[in-house]
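Trainee: Before I ask anything, here is the structure I am working with.
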Amino acid sequence: KKRVAVLISGRGSNMTALIEACKDPAYPAEIVAVISNKPDAAGLEVARSHGIEAVAVPQKDYPSRAAHEEAINAALARIAPDVICLAGYMRLMSAEFVGKWEGRMINIHPSLLPLFKGLDSHARVLESGMRVHGCTVHFVTAEMDGGPIIAQGVVPVKPGDTEDTLSARVLKVEHKLYPLALKLVAEGKVRMVNGGIVYSGLIEDDKTSF
Ligand code: GAR
């Protein structure tokens, strides 16, 4: 099984979806540790309740972004993950940090990338008038939310939607999409090559969009 570290900043519902997926003996990955940049992230306790090592590396304990990233890297070096999953990790990473893990770090973003990169995607989708929305799992590169796309899920935008109703609809799909995307990465069926995406040996059941 591939060793996976999950980085979070908050409630960790995507982290929980990954933990649940990993309980299937046939699933090709295991969550070996959870790291949060926020000491009060609710997801830390959830991870511990599943018997998973969960540590906070608060940025306020470090004098600079570089020093904080060094501390995260030290924790990761000890954990020695094959794959890093960002799951609501709300801190930008330097190109140097990203470069260290390129091809081995993936992220879930609550929009149909390359549309609506960055924060407040749900509000901006409502504002845009688009009638569809969704979520994306992608490899992390130095360009924020700009790395090669692994898989996407789509939801309708319904009349009367608010940020709350729309984000809840997207989140449900996130919880399906992330385990699916991590499985493809862990099996080596999806790889990042020369900054692009390569799918290999995909069978019909391996959905990269739904
Ligand atoms: C999720 O919707 C995730 O896609 C989003 O934050 C939420 C975290 O929820 N991520 C980003 O916005 C990344 N920039 P969770 O903590 O319950 O998984």
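Trainee: Examine the stretch 170-189 for a residue that is open to solvent by less than 20 Å² (accessible area, probe 1.4 Å), assigned to a strand (DSSP E or B), hydrophobic (A, V, I, L, M, F, W, C) and within 29 Å of Ala26 (Cβ to Cβ), and state whether such a residue exists.
Mentor: Checked the stretch 170-189: no residue is open to solvent by less than 20 Å² (accessible area, probe 1.4 Å), assigned to a strand (DSSP E or B), hydrophobic (A, V, I, L, M, F, W, C) and within 29 Å of Ala26 (Cβ to Cβ).
Trainee: In addition: State whether the residues of the stretch 127-134 include one that is open to solvent by 50 Å² or more (accessible area, probe 1.4 Å), without any contact (Cβ under 8 Å) to a residue 60 or more places away in the chain and under 21 Å from Glu20 (Cα atoms).
Mentor: no
Trainee: Taking strands (runs of 3 or more DSSP E) that fall entirely within the stretch 1-109, which contain at least 1 residues that are open to solvent by 50 Å² or more (accessible area, probe 1.4 Å), touching an Asp or Glu at 6+ places or on another chain (Cβ under 8 Å) and more than 11 Å from the ligand (Cβ to nearest atom)?
Mentor: Per the criteria, 2-8.
Trainee: Ok, one more. Write out, first by first residue and then by second, each pair whose Cβ atoms fall under 6 Å of each other, whose residues are 6+ apart or on separate chains, and whose first residue, in the stretch 157-176, is in contact (Cβ under 8 Å) with a residue 60 or more places away in the chain while the second is assigned to a loop (DSSP other than H, G, I, E, B) and of a type outside the set (A, V, I, L, M, F, W, C).
Mentor: Val170/Pro110
Trainee: Return the total of residues in the stretch 131-169 being among the small types (Gly, Ala, Ser) and part of a loop (DSSP other than H, G, I, E, B).
Mentor: 4
Trainee: Any idea which of Leu112, Leu119 is open to solvent by 10 Å² or more (accessible area, probe 1.4 Å), more than 23 Å from Leu180 (Cα to Cα) and outside any helix (DSSP H, G or I)?
Mentor: Testing whether each residue is open to solvent by 10 Å² or more (accessible area, probe 1.4 Å), more than 23 Å from Leu180 (Cα to Cα) and outside any helix (DSSP H, G or I) leaves just Leu119.
The values are calculated or read from the model by the stated rules, or taken from the named source; none is laboratory data. Please read these numbers as outputs of a predicted model, since none were measured by experiment. Backbone-built Cβ (ideal geometry, glycine too); neighbour counts: all protein chains shown. Accessible surface areas use protein heavy atoms only, side chains included; no ligands, DNA or RNA. Shrake-Rupley method; radii C 1.70, N 1.55, O 1.52, S 1.80 Å.
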